[in-house]
1. Give me D for region 116-268 in µm² s⁻¹, whole number, from Stokes-Einstein with Rh from the Kirkwood sum over alpha-carbon pairs, 4 °C and 1.567 mPa s.
2. List every residue whose amide H lies under 5 Å from the amide H of Val208, counting only residues 5 or more places away in sequence or on a different chain, with H placed 1.01 Å from N in the peptide plane.
3. Across the chain, how many lysine pairs separated by 8 or more positions, or lying on different chains, have Cα atoms within less than 23 Å?
4. Take peptides 187-193, 127-133 and line them up by average Cβ neighbours within 10 Å, highest first, as a rough protection proxy.
5. Scan around Glu74 for amide H atoms under 5 Å from its own, H built in the peptide plane at 1.01 Å from N, and keep only partners 5 or more places away or cross-chain.
6. Show me the ranking of peptides 143-154, 25-36, 218-229 by mean Cβ neighbours inside 10 Å, starting with the highest.
7. Return the FRET efficiency for the residue pair Arg231, Asp257: r is the Cβ-Cβ distance, R0 is 22 Å, and the value is rounded to the nearest 0.05.
8. Taking 7 Å along the Cα-to-C-beta vector as the label spot, tell me the Tyr275-Leu287 distance in nanometres, rounded to one decimal.
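What follows is calculated from the coordinates using simple rules that are stated; it is not laboratory data. Everything numeric in this text was worked out from a predicted model, so none of it was measured. Here Cβ is always computed from backbone atoms with ideal geometry, including for glycine, and neighbour counts include all displayed protein chains.
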Amino acid sequence: MPATAERQRAIFSFEIFPPKREMPMDTVYRTLDELTDLEPDFISVTCGAGGSADGSNHRTIEVASAIQNKYHREGIAHLPCIHFSRADVLAMLDELEANGVRKILALRGDRVPDLTPKEDFHHASDLIAFIRAHAKDRFQIFAACYPEGHIEAPDLDTDIGNLRKKVDAGVDRLISQLFFDNAFFYDFLNKARKAGINVPVEAGIMPVTNKKQIERMVTLCGATLPRKFQRVLAKYESQPEALREAGIAFATEQIVDLLAHGVDGIHLYTMNNPYIARKISESIRTLL
Ligand SMILES: Cc1cc2nc3c(=O)[nH]c(=O)nc-3n(C[C@H](O)[C@H](O)[C@H](O)COP(=O)(O)OP(=O)(O)OC[C@H]3O[C@@H](n4cnc5c(N)ncnc54)[C@H](O)[C@@H]3O)c2cc1C
């Protein structure tokens, strides 16, 4: 399971999203006040798929820079590329570098209705090769992987073949899509290692706290909801507090099992909810 024979402590990191353009920024800073207290190894900041076209990248840069300079933790900027031109990417890299942010999660992103892709980048691998060519090793590059296969891929083996191309283009670490059944992650990891993918892989865990939220996510990314979790959702769907605590317990159990299997890291999709991040951090901190 470990990428190298000499295992290091598992990484523990968070994902947050910046507020929408019309919303004030202070909400995210209140969230960060609490999340940074939990001393994650890094915090990644999502970027709307519209990228430079709708200006969502500016808020991503602003929040990632604040994580780095105001909170003195490692910030990672997500960069979904299909709606970016090469010039947009270079401008974003310059701004991030000027602010001391040296970690990028390089993504393709998804098509946005009514927005024509810019055609400079078709896959995340195009973006990764471009960043490596222009910025050499000045950025650490992260990329996404999919334990159950990406929703557009015909099957997991094909997706892993494409993942290998992406990693070969210059990826340092992978972060996985959310999953609720660890068996998918272990099977994916075995196949990825056999395919020669040797970079560390962090397991993406989303604590479920709301039935609608999870049904939306599952439809979008195709993750399987195990029977035992469907039962929890059905029983507690109209009791928000009980569902939240059940979601935290389920995610914690998943993480304990992943850590016992020697996973390289846990990436918590916090949904900007410090309460949930704190409860999970407190339970697993000594296990890392
Ligand atoms: C950890 C994580 C964070 C994310 N953050 C964001 C975010 O902030 N903003 C956002 O908009 N989206 C985000 N996403 C969603 C992501 O943009 C979508 O899942 C998107 O559909 C695929 O992005 P990718 O970078 O994995 O694409 P790619 O690696 O380009 O893969 C997309 C599809 O193309 C196939 N493929 C890849 N390379 C090739 C190739 N060379 N030839 C043929 N086929 C190929 C793959 O098998 C896959 O089916 C995130 C996803 C994850 C897992």
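1. 77 µm²/s
2. Ala251
3. 25
4. Top to bottom by mean Cβ count within 10 Å: 127-133, 187-193.
5. Ile43
6. 143-154, 25-36, 218-229
7. Given R0 = 22 Å and the Cβ-Cβ separation, E is 0.70.
8. 2.3 nm
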